[in-house]
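Okay, so here's the structure we're looking at.
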Amino acid sequence: MLPPTPVALPPAIAKAMPPFPAGMVWLVGAGPGDPGLVTLQAAWALSQADAVFFDALVNADVLRLARGDVELNFVGKRAGCPSPKQAEITARLVAAARTGRRVVRLKGGDPYVFGRGAEEAQGLVAAGTPFRVSPGVTAGIGGLAAAGIPVTHRDVNQAVTFITAHDASGGLSARLDWGALAAGSPVLVVYMGFRLIREIAGKLIAAGRSEDEPAAVVAQATTPRQQVVRTTLGRLAAGADVAGVEPPALIVVGGVVALAPVLGMAAATLEPAE
Ligand code: SAH
């Protein structure tokens, strides 16, 4: 018998939900912030979880999909404190699963997009812990859509590139080939780049992108505190400073940003149904 679920699913959909046996870990994407962007699979997994491990990007309201007696474990970075080491998180997931609990590892956005979900999954495989991944809406697609920026438009770009600006050292990644990115990627979406916004804009301009190209910063996307700064590549850092942008934030560079005045307004005028 499954525990009662707060999500009343039509039988045809409930039948399609994967089983969540005791001793398994689900790596679940929580989406970019708006609880309405959580998937049915995420709600399904949370409603059955005995233990949930979540990080800072997860909207606390999403945790309400879990049972009242669920064990909640925060494993993100708190201001001033170092985040738990990846190996430690994986070890805790494995240990929780070995006691026969159903474990949800809840991560912001999609677990496999710059979220170290793949590293955790490798750790689970190495430990022989059964796991499943449940994708989520990633900030660099869904978050931008909420800001009126489509990541592709047939007349604008035939490719889009997702970038994480920093590597394990925390500095601008030396493994990025800015010349290739500038020449080959009409639209660039940068995760974890806000602190390095000046350097990133500088690198792209030095590699041949125009200072006048449309660019934007989208912060706290899909939440009530969403902030969108639309500007040009040359003014990107100054514009974000003036607006006092609060992370988490994405940087987006390319012609699709110019569609935001029309599409952003249309998105904002759609009121939720009563
Ligand atoms: N797995 C996540 C990304 C984790 S990396 C995903 O798929 O979305 C963390 C980075 O994601 C942040 O530094 C920021 O660049 C971006 N991010 C996550 N949520 C965001 C949001 N609501 N608004 C803007 N950027 C966000």
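The chymotrypsin sites (Phe, Trp or Tyr not before Pro) of region 6-107 include none that meets both conditions, a loop assignment by DSSP and at most 16 other Cβ atoms within 10 Å of the site Cβ.
Annotation note: trypsin sites (Lys or Arg not before Pro) in region 195-255 located in DSSP loop regions with a Cβ neighbour count of at most 10 within 10 Å are R225. If both residues of a DSSP beta bridge must be in the chain, then about 45% of such bridges are antiparallel. Here the Karplus relation 6.51 cos²θ - 1.76 cosθ + 1.60, evaluated at θ = phi - 60°, turns the backbone of region 26-36 into coupling constants of 9, 8, 10, x, 9, x, x, x, 4, x, x Hz, with x for every Gly and Pro. Considering only alpha-carbon pairs that sit under 8 angstrom and 6 or more positions apart, the relative contact order computed for the chain is 18 percent.
In the chain, taking the dipole from charged Cβ atoms about the Cα centre, the farthest positive-side position among A95, V62, A180 is held by A95. With q set to 0.13 Å⁻¹, the log10 of I(q)/I(0) for the chain, from the Debye formula over equal scatterers at the Cα positions, is -0.91. Which of rounded, prolate or oblate describes region 96-198 when judged by the alpha-carbon gyration tensor and an a/c cut-off of 1.5? Note, shape of region 96-198 comes out prolate. What does the net charge come to around F54 if you take all other residues with beta carbon closer than 11 Å to its beta carbon, with K and R at +1 and D and E at -1? That works out to +1.
The residues D34, D69, D155, sorted by heavy-atom accessible surface at 1.4 Å with ligands and nucleic acids left out, run D155, D69, D34 from largest to smallest. Here, region 139-270 has an Rg and a Dmax of 13.7, 43 Å when only alpha carbons are counted. Peptides 128-137, 184-193, 160-169 ranked from most to least packed, by the mean per-residue count of other Cβ atoms within 10 Å: 184-193, 128-137, 160-169. 3J(HN,Hα) along region 174-191: 6, 7, 7, 9, 5, x, 5, 5, 5, 7, x, 10, x, 10, 10, 10, 10, 8 Hz, from the Karplus curve 6.51 cos²θ - 1.76 cosθ + 1.60 with θ = phi - 60°, whole Hz, x for Gly and Pro.
Heavy-atom accessible area for L37, with the other protein chains in place and a 1.4 Å probe, reaches approximately 60 Å².
Applying the Karplus relation 6.51 cos²θ - 1.76 cosθ + 1.60 with θ = phi - 60° to region 131-145 yields 3J(HN,Hα) values of 9, 9, 10, 10, x, x, 6, 7, 4, x, 10, x, x, 5, 4 Hz, where x marks Gly and Pro. Only helical runs count toward this figure. For the chain, summing -39,500 (n - 2.57) over DSSP H runs of n ≥ 4 and dividing by all residues gives -7500 deg cm²/dmol at 222 nm.
The values are calculated or read from the model by the stated rules, or taken from the named source; none is laboratory data. Bear in mind that the values here come from a model prediction, so they are computed numbers and not experimental data. Note: ideal-geometry Cβ built from the backbone for every residue, glycine included; neighbour counts use all protein chains shown. What goes into the accessible areas is simple: the full protein's heavy atoms, side chains included, and nothing from ligands, DNA or RNA. Shrake-Rupley method; radii C 1.70, N 1.55, O 1.52, S 1.80 Å.
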